[in-house]
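None of the figures in this text is laboratory data; all of them are computed from the coordinates on show. Being a predicted model, the structure only gives us computed values, none of them experimental. Every residue, glycine as well, gets a Cβ built from its backbone with ideal geometry; the counts of neighbours run over all protein chains shown.
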Amino acid sequence: MYQLNQIPSEAQIKKYLRRIIFGKNIYCPRCKTSHTVVYENRYRCLKCRTKFSLLSYTWLNNMKLSLQQFWLLLYCWTIQIPVRQASTLTSLSDITVYEWYTKFRRHLPADKQILNHLIQLDEAYFGGKQGKALFLAKEVGTRKLAYQLVPKDWITREVASWFLEENIAPYAKLNTDGAAIYKEINKWWPVYHTRDIHKKWEFEKTSEIEGMFGVMRTFIRRMYHHVTVDKLSEIVCEFCYRFSHPEMYGSPRHYLENSLYIVPTR
């Protein structure tokens, strides 16, 4: 494993994790009492006799990586190091790196945004006839995005209307291209709708959202080289989260502070 100055020592990482998961004092994940004792890098509750480790009640349970190796891998993911380069840095296989990148992605906090000002909306297709259609909307001048994947390679007006109902506030200003599915869409959902007719070289009202698709495709190629249709939803989620919440990716600590916690037990 390549050593970088950005990677803390094992003791520092353990301190960070303990503070993120438990706060100031270690407590039993089952009965919540602070009456615990330490032995051989594990803890035991004096009340309910539960034995646990620092990570045993989190999604990092049974992790086989060293703490420094894990931190380096998370660091690579947060700053968008491609899978193959991360494999070289961490001395892990491409498959292992990809599996951990998937795990990091799947533990992003939930994020549902309703767009309510000037909005640009467009659609794109991934994977051909066996692929999916992607709706992507952006609130102009902000980092707010909304998206929806449709499990088919074509989109009806009813599907477009449903997307608006779920993601666009009533009476918002909506800009789209001249696709037939958007014609008179304001009769399906109350929005102030205007269109760019690309055949007439009109692009001003949809320039930001057109650019977002280009940025997304570049992200996928650079980070993962390619993406299969079954993974598309997760990758789109990661891209949108990175764009809308750049603060989450300032460091591994920022990510873990928002994603790592004790899983409730019965």
* Structure fact -> Karplus ³J(HN,Hα) for the stretch 204-220 (6.51 cos²θ - 1.76 cosθ + 1.60, θ = phi - 60°; Hz, whole; x = Gly/Pro) runs 4, 6, 10, 5, 5, 6, 4, x, 5, 5, x, 5, 5, 5, 5, 4, 4
* Set the Förster distance to 25 Å, then compute FRET efficiency between PHE243 and SER207 from the Cβ-Cβ distance, nearest 0.05. => 0.95
* Structure fact -> Projected convex hull area of the chain, Cα atoms, direction-averaged, in nm², equals 17.4 nm²
* Structure fact -> Which residues qualify? For ASP177, with a placed amide H closer than 5 Å and at least 5 residues away or on another chain, they are ASP196
* Return the sequence-ordered ³J(HN,Hα) values of the stretch 256-264 in whole Hz as given by the Karplus equation 6.51 cos²θ - 1.76 cosθ + 1.60 applied to θ = phi - 60°, using x for Gly and Pro. => 5, 4, 10, 10, 9, 7, 6, 6, x
* Which value in nm describes the separation of the simple spin-label points at ARG49 and ASP94, placed 7 Å from the Cα toward the beta carbon? -> 5.1 nm
* On Cα atoms only, tilt of 67-78 relative to the major axis of the chain in degrees -> 10 degrees
* Asked: In degrees from 0 to 90, rounded to the nearest 10, what is the angle of the helix 157-167 Cα long axis to the longest principal axis of the chain?
  -> 50 degrees
* Pick out which of TYR16, TYR255, TYR101 has the largest mean-square fluctuation in a Gaussian network model of the chain, springs linking Cα atoms closer than 10 Å. => TYR16
* Would you kindly give the portion of the calculated P(r) for the stretch 130-266 that falls above 22 Å, as a percent of all Cα pairs? => 48 percent
* Where does the chain land at 222 nm, in deg cm²/dmol rounded to the nearest 500, when only DSSP H runs of n ≥ 4 count, each adding -39500 (n - 2.57), divided by all residues? -> -11000 deg cm²/dmol
* To do: Normalising by the residue count of the stretch 118-229, find the relative contact order in percent from Cα pairs under 8 Å and 6+ residues apart.
  => 25 percent
* Please give the length that would be gained between ARG18 and ARG217 if that part of the chain were fully extended, namely 0.36 nm times their separation in residues minus their C-alpha to C-alpha distance (nm, one decimal). => 67.9 nm
* Asked: How many nm is it between the label spots at ASP230 and LYS112, if each spot is 7 Å from the Cα in line with the beta carbon?
  -> 2.8 nm
* To do: Before anything else, pin down the relative contact order of the stretch 25-106: Cα pairs under 8 Å, at least 6 apart, normalised by residue count, whole percent.
  => 15 percent
* If packing is taken as the mean number of other Cβ atoms within 10 Å per residue, what is the order of 41-49, 161-169, highest first? -> 161-169, 41-49
* **Relative contact order for the chain, counting Cα pairs under 8 Å that sit 6 or more residues apart, in percent** => 19 percent
* **Whole-Hz ³J(HN,Hα) from phi, Karplus 6.51 cos²θ - 1.76 cosθ + 1.60, for the stretch 111-118, glycine and proline x** => 8, 10, 10, 9, 8, 9, 10, 7
